[in-house]
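See below for the structure under consideration.
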Amino acid sequence: MKVMVKKILTLTCFLATSVLVGAQNLPPRTPSAFNVKQLHCGHSLTSPLFGPWPGQYTELVADENGLAGWQILGSMVGKADLPGAWLTMHWNYTTSPCWPNCYEPNSNPALEISNWELLVVTENFEGPANNSLNLSRENLLNFVNNSWQNGNSGAGTPTMLWTNWPGIDGSAYFFDGYGIPESTDGSAAGWRQMLDFLEDGGMGGTNGWQAMQDYANDNRTSGCPPVYIIPGNRMMARFYDDVQASLVPTITHVNQIFTDGVHTNDIGAYMISMIHYACIFGQSPVGLSNNPHASVTIDTNLAAYIQNMVWDVVTNYPRSGIVGTANVQEVAQSRIKVFPNPVSDILNVEVEGVTESKEIFDLLGNKLMTTDANTIDLTNLAKGSYLLVIGDEQQIIAKQ
């Protein structure tokens, strides 16, 4: 069920330097393992991960672990949501642990974060839009610090921010109040403007999804890893633009992925599943199944478009922590030639032109060695991926 078409061979290219995010320098995000215990806290725009039961995303994760979706609910993948909830509602919510079948462990994940290894939270869109009391930023920070201090049995749980969208017609969300007129021609043009508005800063330019991320990262407790964004709003903006340009197979209007003003149908849920897969696991979704759930089958061409679009969005958005990819053809055009790769001990390096120093980095950007030699002994390095940097060129090395 997992593979629809064979994935194009790619090499993930992590930069040795930090990525610039606003005024912050953030390292590339370390991808989560497929068996990470992940808890998703939000509202009805979190729920598509879990529907139709047990959910397309749940089935994708289960398949990576050789299991069925129902087997991992509440243990490997958990949900804590309240309809229409703001983060402040989650933070202040008190309820007895464990909803039936442990499917929804608690509507306040802070109470049970010790059982989880990754927390994904989101906000009601009006929080980043018009947050005069800064509650969205403060409550995100509350979850970030609490998760790191008390999560994963004390080992620390990192937090990611899932960004969402307003109602497509704007009728219930007062676009006029934000200086953006509602669309009356059915084009959803006002909704498209709102997506940028919410990302860039909201009213006054000091709020917004990115400002939430910046505030949490600027004020996180010592040792806590950065908050990275799963850019749902940016995905929707790209989808809208591509629909307008007639680039999306079988889709002629953005409303074809919604059941109402804001909630998605199975196609929209598939998009949500793909972007969570890409951002959490750091893996391209290209080639994944077009029917991850037995009752859902996405048109093959549409699924391929969604997978490639999602990967393009997240790899071109530094705030996701996924720096980008280099395909085999690009690697072949490099001045650097290395062999063998994978390597178990001695790596041979050939560089066209003037000989330059060779530097080896791990994928967090830590320099491990520098040498002028054309044979590099990697015997003492642990198994894994490393980055060889020579001048302005770089190549991934696999140590086996």
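The values are calculated or read from the model by the stated rules, or taken from the named source; none is laboratory data. Remember, predicted model here, so these are calculated numbers, not experimental data. As a convention, Cβ positions derive from the backbone with ideal geometry for all residues, glycine included, and neighbour counts pool all protein chains shown.
Numbers at a glance
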{"quantity": "Selection within the stretch 90-109 - within 11 Å of Cys41 (Cα to Cα) and at pLDDT 75 or above", "calculated": "His90, Trp91"}
{"quantity": "Count - residues of the stretch 290-326 that are under 25 Å from Asn65 (Cβ atoms) and buried (at least 21 other Cβ atoms within 10 Å of the Cβ)", "calculated": "12"}
{"quantity": "Tally of residues being at pLDDT 80 or above, buried (at least 18 other Cβ atoms within 10 Å of the Cβ) and in contact with a Ser or Thr (Cβ under 8 Å, 6 or more places away or on another chain) across the stretch 183-224", "calculated": "7"}
{"quantity": "Residue count, the stretch 363-392 (criterion: surrounded by 15 or more Cβ atoms within 10 Å (Cβ to Cβ), modelled with pLDDT of 75 or more and not hydroxyl-bearing (Ser, Thr, Tyr))", "calculated": "7"}
{"quantity": "Neighbours by Cβ (under 8 Å, 6+ apart or cross-chain): first from the stretch 250-267, farther than 10 Å from Pro48 by Cβ; second modelled with pLDDT under 95 and aromatic (Phe, Trp, Tyr)", "calculated": "Val254/Trp191; Val262/Trp165"}
{"quantity": "Lone qualifier among Glu112, Glu64, Glu59 - being surrounded by fewer than 21 Cβ atoms within 10 Å (Cβ to Cβ), modelled with pLDDT of 90 or more and either assigned by the TED database to the domain that holds Gly167 or farther than 23 Å from Asn152 by Cβ (or both)", "calculated": "Glu64"}
{"quantity": "Tyr173 being farther than 25 Å from His276 by Cα and at pLDDT below 95", "calculated": "yes"}
{"quantity": "Test: residue in the stretch 75-96 that is over 28 Å from Leu140 (Cβ atoms), aromatic (Phe, Trp, Tyr) and in contact with a helix residue (DSSP H, G or I) (Cβ under 9 Å, 6 or more places away or on another chain)", "calculated": "no"}
{"quantity": "Test result for Glu352, out of contact with any His (no Cβ under 7 Å at 6 or more places or on another chain), surrounded by 12 or more Cβ atoms within 10 Å (Cβ to Cβ) and at pLDDT below 85", "calculated": "no"}
{"quantity": "Those residues of the stretch 248-288 which are aliphatic (A, V, I, L, M) and part of a loop (DSSP other than H, G, I, E, B), in sequence order", "calculated": "Val248, Ile251, Val262, Val286"}
